[in-house]
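First up is the structure itself, then whatever we jot down about it.
The values are calculated or read from the model by the stated rules, or taken from the named source; none is laboratory data. Predicted, not measured: the structure shown is a model, and the values here were computed from it. Neighbour counts are summed over all protein chains in view; Cβ atoms, including those assigned to glycine, are modelled from backbone coordinates with ideal geometry. Protein only, heavy atoms only, side chains kept; ligands, DNA and RNA dropped before computing areas. Shrake-Rupley method; radii C 1.70, N 1.55, O 1.52, S 1.80 Å.
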Amino acid sequence: RYIRTAINKKNPYADYMLGVNLYWNVFGEDRGQEALRYLERAAKDVGHAHYWVGQYWSRSKVEGAQEKMIAAYEKGKLARDPYARLALAELYVSGRGVERSYAAAYSTLMGTRMGAFPRAEYLKGFFKLHGHGTRRSESVARRHFESAVALGSISAKVELAGIYLTNSSDKDDFIGLRLLREAETEGANIDRQLSRPEIVAKIQELEAQQ
């Protein structure tokens, strides 16, 4: 009732709130089209609404939905919405609907407020570690992975362990092995993620010493 009253007063944040609630079927029925209408209207003033418009189209099977999804995320990027930026970066990584481009993904993730997202920090670290779409730098990769770990990323913990086990300037076998064991306890697939021969050999050497 309060949201409806705010909508009647042309409050864009009320449009946004109602659109999101309708998107999640909070009222117990599928009203996706209505959700889209409110979200698109809100997006004129509320940048984050673009992300939800993109999410709506990402689940749609109608013709042209993929293009509309990308367009919504692009608008969210221009509005500096971090959720839209991350969603767009993921598309560039996977190549879904766009040409795969690590450079485009990396530049998209460099927007403001992206440092609060563990997935964004992990991806930036991964790109820097392997030189995908940006100049390779283990020191910068380490900073991003440390930030992602602090935010709860298990994948970043594995990559950070790999740096500690092999990097000449940051080498610390004790920390590296501790991080790996923590990550494994938390559900990480160590064998799949750390497939580089030099890291595998190092892990086997350290485990043999235990």
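Data table
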{"quantity": "In nm, spacing of pseudo-spin labels at GLU67 and ALA103 (7 Å Cα→C-beta vector)", "calculated": "2.6 nm"}
{"quantity": "Alpha carbon centroid spacing (whole Å) that separates region 54-88 from region 103-165", "calculated": "23 Å"}
{"quantity": "Per residue solvent-accessible surface (Å²) - the chain, probe of 1.4 Å", "calculated": "55 Å²"}
{"quantity": "Positive-end residue, the chain charge dipole about Cα centroid, Cβ charges, pick of TRP57, ALA141, MET114", "calculated": "TRP57"}
{"quantity": "Summed side-chain charge close to ARG113 - residues other than ARG113 whose Cβ falls under 11 Å, Lys, Arg +1, Asp, Glu -1", "calculated": "+1"}
{"quantity": "Total formal charge among the other residues, if their Cβ is under 14 angstrom from that of ASN25, Lys/Arg +1 and Asp/Glu -1", "calculated": "-1"}
{"quantity": "Of all accessible heavy-atom area on the chain, the percent that carbon and sulfur account for (1.4 Å)", "calculated": "49 percent"}
{"quantity": "Cα-Cα separations in region 76-210 greater than 18 Å, expressed as whole percent", "calculated": "56 percent"}
{"quantity": "Potential lengthening between LYS44 and TYR13 on full extension [0.36 nm per residue; Cα-Cα distance subtracted]", "calculated": "10.1 nm"}
{"quantity": "Size of electric dipole in region 1-120: Cβ of Lys, Arg +1 and of Asp, Glu -1, about Cα centre, debye, nearest 20", "calculated": "320 debye"}
